[in-house]
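Only one structure is covered here, and it is reproduced in the block below.
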Amino acid sequence: MSLSKNRSFGGMVYGLLFVGLFVLSLDYWTWNRPIELRLLGLPFWVWKFVGLQLLLTLAIAAFAKFYWKNDA
Amino acid sequence: MMTYLIIGLYLFLTFGLSLIGSKRSHQTPEDYFLAGRGIGPLVLFFTFIATNFSAFFFLGFAGAGYKIGYPFYAMMGFGTAFAALSFYFIGFKVWKLGKEKGYITPPELIGDLSGSSLLANLHLLVLIVFTLPYLALQPIGAGYLLESLTNGGIPYFGGASLLTLFIVIYVFVGGMQSVALTDVKQGILMFVLMFLAVVVIAGKFGGITAANEQVYALKPELFSREGAGGFFNGKKWFSNMILWLVCVPMFPQLFMRFFVSKDARSFKTTTILYALIPSFLFILPVMIGVMGHLSFPDLVGKEADQILPKMLSLHTPEWMAALIMTGALAAFMSTLDSQLLALGTIFSRDVYRKYFNPNLSLAKEVRVGQFFIVLLSLVGLLIAYNPPDSIFALAKQAFTGYAVLFPSTLAVLYLGRNIAPFCVLSIIVGESIVLAVFMGWLNTEHLWGFDPIVPILLISFFIILVGFLWHKLQAKQY
């Protein structure tokens, strides 16, 4: 695979990753579930969002390290 | 007395830092307005977040936590973190172009890349129209804060004026160098003091877990996914998630910060940290707002927006309340100084120099910028004199107004000159929808249940796509 095709493929992978994380943040499938308080008296879905944001940060860090070129 | 002493010490420290900044600042526009494009990763990160997290973060988040509950944290936290992606496809390109071509303001970049003065001026007009009310939020918040903190000792408008005057002095003296240095201090203070506020207030109720359980017993809807009063539904949630991605890079004070990075590494570091911070910072004021129901039930409107200073005044000793509220003061100051500098720069280069005095010397350009900084601060105070009922509602109008610029900015950066007329049309149509919503002619029922940003983006991108395809077709025919 040529370099430009590699970059296109990489871009697509990261694009799908970020779109996937965005879709997870919508999480319409959990909206009507009963409230369950967990750690610090916060509902489970709040902790899910904390986790989602940490995942997003890791994804951006990986993107910055492996895909984001200084001459982009 | 302790309150006045702590506030005084904080302002003294701020002024000291601004003087250090002024010594580094030379009287060229690039140096005064952009700190010579030499800001390293740590200062760059703090100046981004301190600028972005304002009165809206301290008072608005706590107020929204009180009124809506924890979904507000999730929406703002993830939405803001996701907006970090725009630092790559908008911010980094802006940075490179700025270094290459010497751009200092957003309209300058837009106008030169697109070859369209009309587009540049339209962009300029939108920035001015929406920054002025948003700029006024900071003295409004500061006025409320100081009045509450001193139990009326410093009246609302007196506090607003005092803070504005102080900020004008240090921005005037040191430009972006002063602003960036004070942002580091203000950013650190915001984090530390907001964390301290949660720990101390929750401690009064037996700890964070106990406090949340007590609120849950009273108002379980604050813990539901949709929030109190069913505030969020699926479409509103989606709309808000999209909004932050597209409006954050368009704030003039943030857009101009894309120009100041020293190198690519600084830019990337800032992007990563910007995504990380909301996950643990944003929940803090929301938590205080939620806990507010234990001490101040049934607050509405402006009263609810003041839940943070109310809780501090009730539950912490005077000195601690004053100390924590300097974090809030820091938030106001770090945003107002950047907004004044951004608009002052824009008026100086994109209005005065462009239309009244094209032969303006570099040194005089800085003086003109300083003049506009003073003038704009007075306009902001005039707006703050009769403040609106809800800080959040005012901020959100500005955010949507800025977001209208996103499709055209993206198009100008990536599609070249021919797209300019369609960018102009996209902004006119977009801002017309914003106006129609503001005037009550359109509501979410007319917009298929979404907030205005969703149909605005769909229509704007469609217009630009039509333009792009049309030009491709023209090029093929010739």
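The values are calculated or read from the model by the stated rules, or taken from the named source; none is laboratory data. None of the values given here were measured: they were computed from a predicted structure. Every residue, glycine among them, receives a Cβ derived from its backbone with ideal geometry; neighbour counts consider all protein chains shown.
Here are a few things to note about the model shown:
- Subset of the stretch B:169-192 [within 16 Å of the chain's Cα centre (by Cα) and closer than 16 Å to B:Thr345 by Cβ]: B:Val179, B:Ala180
- On inspection, B:Leu222 passes the criterion of being surrounded by 24 or more Cβ atoms within 10 Å (Cβ to Cβ) and either within 12 Å of chain A (Cβ to nearest Cβ) or not in a helix (DSSP H, G or I) (or both).
- Count - residues of the stretch B:30-43 that are surrounded by 24 or more Cβ atoms within 10 Å (Cβ to Cβ) and either within 14 Å of chain A (Cβ to nearest Cβ) or not aromatic (Phe, Trp, Tyr) (or both): 3
- Pick from the stretch B:258-316, criterion within 14 Å of another protein chain (Cβ to nearest Cβ), in contact with a strand residue (DSSP E or B) (Cβ under 9 Å, 6 or more places away or on another chain) and surrounded by 20 or more Cβ atoms within 10 Å (Cβ to Cβ), ranking: farthest from B:Ile208 (Cα to Cα): B:Ser261
- Filtered by the rule that a residue be of a type outside the set (Phe, Trp, Tyr), part of a helix (DSSP H, G or I), within 9 Å of chain A (Cβ to nearest Cβ) and in contact with a Ser or Thr (Cβ under 9 Å, 6 or more places away or on another chain), the stretch B:225-241 gives a lone residue, B:Met241.
- Evaluated against (1) among the aromatic types (Phe, Trp, Tyr); (2) farther than 25 Å from B:Phe251 by Cα; (3) touching a residue at least 60 places away in the same chain (Cβ under 8 Å), B:Phe406 falls short on exactly one condition, (2).
- Considered as a group, the residues in the stretch B:168-210 that are modelled with pLDDT of 85 or more and buried (at least 24 other Cβ atoms within 10 Å of the Cβ) include one that is nearest to B:Thr51 (Cα to Cα), and that residue is B:Met194.
- Qualifying residue in the stretch B:147-155 (condition: under 18 Å from the mean Cα position of the chain (by Cα), assigned to a helix (DSSP H, G or I) and in contact (Cβ under 8 Å) with a residue 12 or more places away in the chain): no
- Filtered by the rule that a residue be more than 19 Å from B:Phe280 (Cβ to Cβ), assigned to a helix (DSSP H, G or I), facing another protein chain (nearest Cβ under 8 Å) and of a type in the set (Phe, Trp, Tyr), the stretch A:14-72 gives A:Phe18, A:Phe22, A:Tyr28, A:Phe63.
- Residues of the stretch B:52-111 satisfying the condition of being aromatic (Phe, Trp, Tyr), more than 21 Å from the chain's Cα centre (by Cα) and more than 12 Å from chain A (Cβ to nearest Cβ): B:Tyr66, B:Tyr103
- Residue match in the stretch B:181-203 (condition: of a type outside the set (Ser, Thr, Tyr) and within 11 Å of chain A (Cβ to nearest Cβ)): yes
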